[in-house]
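What follows is a single structure, written as structure tokens, with notes after it.
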Amino acid sequence: MARGKFIERVLFFLALSSISSLALITFFIFLEGLPLILHTGLTDFIASSHWAPTKGHFGILAMIVSSILVTLGAIVLGVPLGLSCAIVLAEFSPERLKRILKPTLELLAGIPSVVYGFLGVIWLVPLIRDYLGGPGLSLLAGSLILGIMILPTVISISIDALTAVPDTYREGSIALGATQWQTVRRVILPAASSGIITAIILGMGRAIGETMATIMVAGNALKLPASILDPVRTLTSNIALELGYAAGRHREALFATGIVLFVIIMVLNFSATLLTRRK
Amino acid sequence: MLRRSRDSANLMASGRLLSVMGLLWGCLFFLAVLGGCQPGKSSLNPPLVIAGSTSVQPFAEKLAEIYMQRNPQVRLDVQGGGSSAGIYAVSHGACDLAAASRELVAAERHLVEIPIALDGIAVIVHPSNPLRSMRLEDLRAVFAGRITNWKGLGLPPRPMDLITREEGSGTREAFEHLVMGQEEITPAALVQDSNGAVREIVAGDPQALGYISAGLVDHRVKALAIDGIAPTRANIKNRTYRLVRRFLLVARAAPAGPAKDFVDFVLSVQGQSLLEAEGLVGVVE
């Protein structure tokens, strides 16, 4: 009994340390970044596109817009693929195929992002440059790579949502004379919709937080993009690109970029939680 | 009954595992704290710390490596952080020598500077690009965003893919100082975070224009002459080539003891030829 208590304590301590690291990270991001936001003013920080931190300009609007655009692009490309894959795996494929395909898809999640980025630079970027124009390193390249990277997230959560729909729904629908496709479209998908939306939101969180691959393929230019072939810099890229050298206000500005990113991801995760709870 | 006792044995085993893991975590934490507080306690002499420019860092590391082979009793610790951070650290006594890839500004003039090498900045294009030379004003106009098409430089009209380095990079700082004057580099330029990445893109993109350290130019890219003067070793050394920066070591006072010994080594024939072999241009004959 005493031993059980001891183990309980150890577990509690370990759990606490992992949670406290989250609290510590939050605390330090705000501690380091807030002074700059107070210094430049929130509107000058998030509503200006003039970023020249060594000359005292700290506008990150272009990066916020770019982050959102790259993420939307990834969703537009990744969600139809991921969702159809999830539907096939959950509803239409025999058990054997599922047993092969699902681990393969999970393997996709295990590939380091630098590998995606490298493949993007070597293959995708020259293709875009040669066939579509522009420098190749672009919003489109970033969206394509991220669209593939969010697939495992979208697929596995969607599959969970689809399989969570009770079999009685399927049986009822088939009994009423609906085909299997009609069942999926009219019964299963609406029933699983909140789970699927959660999958999409978590996919967005994955895309907006991705750094290495976007640095490598998106071009990192500071301008607001005018077309999908223009290079863009995301919030995460900005931090990772410049943190190596930054000092003083510049460093604070990068932490402040982190605050904006933190808020965006919190909003995404919070809405995902709300949606799953509503179910 | 049997089942239950086996479960409890499993639980005990996993409990033991967990407490071992907890212990390991504790040790790790302790070691981290210990290591963080007292760097290099194991060595007898305190290390000579060189911090600063990330442009100089790879060269300083090479020099330190050779120097330590010859003087095993001395430990050199080469760190990055950027020119400004290094100079700040040395003026506050946080390191022995700062490596700088920019000139000292007025507020830093009280420090002692020791030039150790020259580095040219080469403006590079794809080998298929017919352009051979560029005027400095045109280069400035290109990077300020006033010329965005190769037509502006007398070539067939194609959009230009401009590549620059990230804010804070020593190479970018030197380029801004030597080329841009008061103007800012256009936000439309692509940004890459290393000389190698810039070279890689220019090597693959016939419309690209970028700048890298002259020592890193290879056959896959073409370095342009600026105002008719090519970035050759001789032209960099006598500084007729315009885009040249100095690499400096900076100290609070005239270096003495181990710091002086290291500086002497850097400026010796061996040290200088080491830098030359790495693609820089020496300052001593």
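The values are calculated or read from the model by the stated rules, or taken from the named source; none is laboratory data. From a predicted model like this one, the values you see are computed outputs, not experimental measurements. Neighbour counts are summed over all protein chains in view; Cβ atoms, including those assigned to glycine, are modelled from backbone coordinates with ideal geometry.
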| Within the stretch A:74-90, is even one residue within 30 Å of A:P225 (Cα to Cα), in a helix (DSSP H, G or I), of a type outside the set (A, V, I, L, M) and within 14 Å of chain B (Cβ to nearest Cβ)? | no
| With the stretch B:67-177 as the region, which helices (runs of 4 or more DSSP H) entirely inside it contain at least 1 residues that are touching a Leu at 6+ places or on another chain (Cβ under 8 Å) and either of a type in the set (S, T, Y) or away from every other protein chain (no Cβ under 14 Å) (or both)? | B:83-91, B:136-144
| field | Breaking point among (1) over 21 Å from the mean Cα position of the chain (by Cα); (2) within 14 Å of another protein chain (Cβ to nearest Cβ); (3) not in a loop (DSSP other than H, G, I, E, B), for A:S66 | value | (1)
| remark: Among helices (runs of 4 or more DSSP H) entirely within the stretch A:195-278, at least 3 residues that are in contact with a helix residue (DSSP H, G or I) (Cβ under 7 Å, 6 or more places away or on another chain), surrounded by fewer than 17 Cβ atoms within 10 Å (Cβ to Cβ) and modelled with pLDDT under 95 occur in A:249-278
| Residues of the stretch B:240-281 that turn out to be outside any helix (DSSP H, G or I) and either modelled with pLDDT of 90 or more or in contact with a Phe, Trp or Tyr (Cβ under 7 Å, 6 or more places away or on another chain) (or both), as a count | 17
| query | Restricting the search to the stretch B:202-229, which residues are in contact (Cβ under 8 Å) with a residue 40 or more places away in the chain and assigned to a loop (DSSP other than H, G, I, E, B)? | reply | B:D205, B:P206, B:Q207, B:V217, B:H219, B:R220, B:V221, B:L224, B:D227, B:G228
| query | Inside the stretch A:231-269, can you point out the residues that are facing chain B (nearest Cβ under 8 Å) and touching a residue at least 40 places away in the same chain (Cβ under 8 Å)? | reply | A:P231, A:R233, A:E242, A:A246, A:H250
| request: For the stretch B:178-201, name all the residues that are within 11 Å of chain A (Cβ to nearest Cβ) and not in a loop (DSSP other than H, G, I, E, B). | output: B:L190, B:V191, B:Q192, B:A197, B:E200, B:I201
| note | Those residues of the stretch B:174-187 that are small (G, A, S) and surrounded by fewer than 18 Cβ atoms within 10 Å (Cβ to Cβ) come to a total of 1
